[in-house]
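A short write-up of the structure that comes next.
The values are calculated or read from the model by the stated rules, or taken from the named source; none is laboratory data. Keep in mind it's a predicted model, so treat the numbers as computed, not measured. Because the Cβ atoms are built from the backbone with ideal geometry, glycine has one as well, and the counts that use them run over all protein chains shown.
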Amino acid sequence: MGRGREFDSYLAGHLLIAMPGMRDPRFARTVVYMCAHSAEGAMGLVINRVLESLTFEELLEQLGIEGSVPPEAATVHFGGPVETGRGFVLHSADYRHDGTLAVDDDVSLTATVDILRAIASGEGPRRHLLALGYAGWGPGQLDGEIRANGWLHVAADEALVFDTELDSKWDRAIAKIGIDPRMLSDAAGHA
């Protein structure tokens, strides 16, 4: 029997959590919010890595957008290694605009400059996370990485996605599953 639609998008709205043995340094100890997952591939944003080289204020300045950003939202995240010059805003579902993708009931994704203007003018979403770049997988690639023991996954919650306590996000995401990270092995196999 073929895979149903529920399988094709089962990771959208979930968190991917890098296993302790993740060999790719770009993803070591990362938590990725999955925006899309289908037979064509998958896309998500790393939500626990900050770009030290650019602040939200500097980005607004570069784009010629006037306004300000609340201190708790002043960081720009490393969203992933694909299209690192492109901005994505993961945000609470209270903001809708042309081009906004509702990932689930609580979280949406907008990749247009309009949301940056709205945030700078104080009319943006209640919660948001700005990232440059994204994590992307081709058809079947992410499923293969999960089977090879590269990632765990768990349903996301708004607090974990948007809070600014980045250093503990990986540990808290693992704890949501109910696993002690010290008990994890980086090798797939059977007991």
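Quick look at the values:
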quantity	calculated
For V46: the one exception among (1) under 17 Å from the mean Cα position of the chain (by Cα); (2) farther than 20 Å from A173 by Cβ	(2)
Check on E61, acidic (D, E), without any contact (Cβ under 8 Å) to a residue 40 or more places away in the chain, farther than 19 Å from A173 by Cβ and surrounded by 14 or more Cβ atoms within 10 Å (Cβ to Cβ)	no
Qualifying residue in the range 114-128 (condition: within 19 Å of L63 (Cβ to Cβ) and either within 13 Å of the chain's Cα centre (by Cα) or of a type in the set (K, R) (or both))	yes
Count of the range 131-168 residues which are touching a residue at least 60 places away in the same chain (Cβ under 8 Å), small (G, A, S), surrounded by fewer than 20 Cβ atoms within 10 Å (Cβ to Cβ) and within 23 Å of T55 (Cβ to Cβ)	0
Residue in the range 96-107 that is in contact with a strand residue (DSSP E or B) (Cβ under 8 Å, 6 or more places away or on another chain), among the small types (G, A, S) and modelled with pLDDT under 95 present	yes
Residue tally, condition within 14 Å of the chain's Cα centre (by Cα), touching a residue at least 40 places away in the same chain (Cβ under 8 Å) and under 21 Å from T55 (Cα atoms), over the range 93-113	1
Of residues in the range 8-23 being touching a Ser or Thr at 6+ places or on another chain (Cβ under 8 Å) and of a type in the set (G, A, S), the one surrounded by the most Cβ atoms within 10 Å (Cβ to Cβ)	A18
Test for P71: is it over 19 Å from the mean Cα position of the chain (by Cα) and either more than 25 Å from L152 (Cβ to Cβ) or modelled with pLDDT under 90 (or both)	yes
Count of residues meeting criterion [more than 23 Å from H14 (Cβ to Cβ), of a type in the set (A, V, I, L, M) and not in a loop (DSSP other than H, G, I, E, B)] in the range 68-114	3
Yes/no for V50 being closer than 26 Å to K176 by Cα, in contact with a Phe, Trp or Tyr (Cβ under 6 Å, 6 or more places away or on another chain) and modelled with pLDDT of 90 or more	no
Filter pass, Y95 being surrounded by fewer than 22 Cβ atoms within 10 Å (Cβ to Cβ) and either on the phi > 0 side of the Ramachandran plot or of a type in the set (F, W, Y) (or both)	yes
The one condition in (1) among the aliphatic types (A, V, I, L, M); (2) closer than 18 Å to A28 by Cβ; (3) at pLDDT 95 or above that L166 fails to fulfil	(3)
Breaking point among (1) closer than 22 Å to L116 by Cβ; (2) outside any helix (DSSP H, G or I), for L59	(2)
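Yes/no per residue for (1) of a type in the set (F, W, Y); (2) at pLDDT below 95; (3) surrounded by 14 or more Cβ atoms within 10 Å (Cβ to Cβ):
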position	(1), (2), (3)
G4	no, yes, no
P25	no, yes, no
V31	no, no, yes
C35	no, no, yes
T75	no, yes, yes
G80	no, no, yes
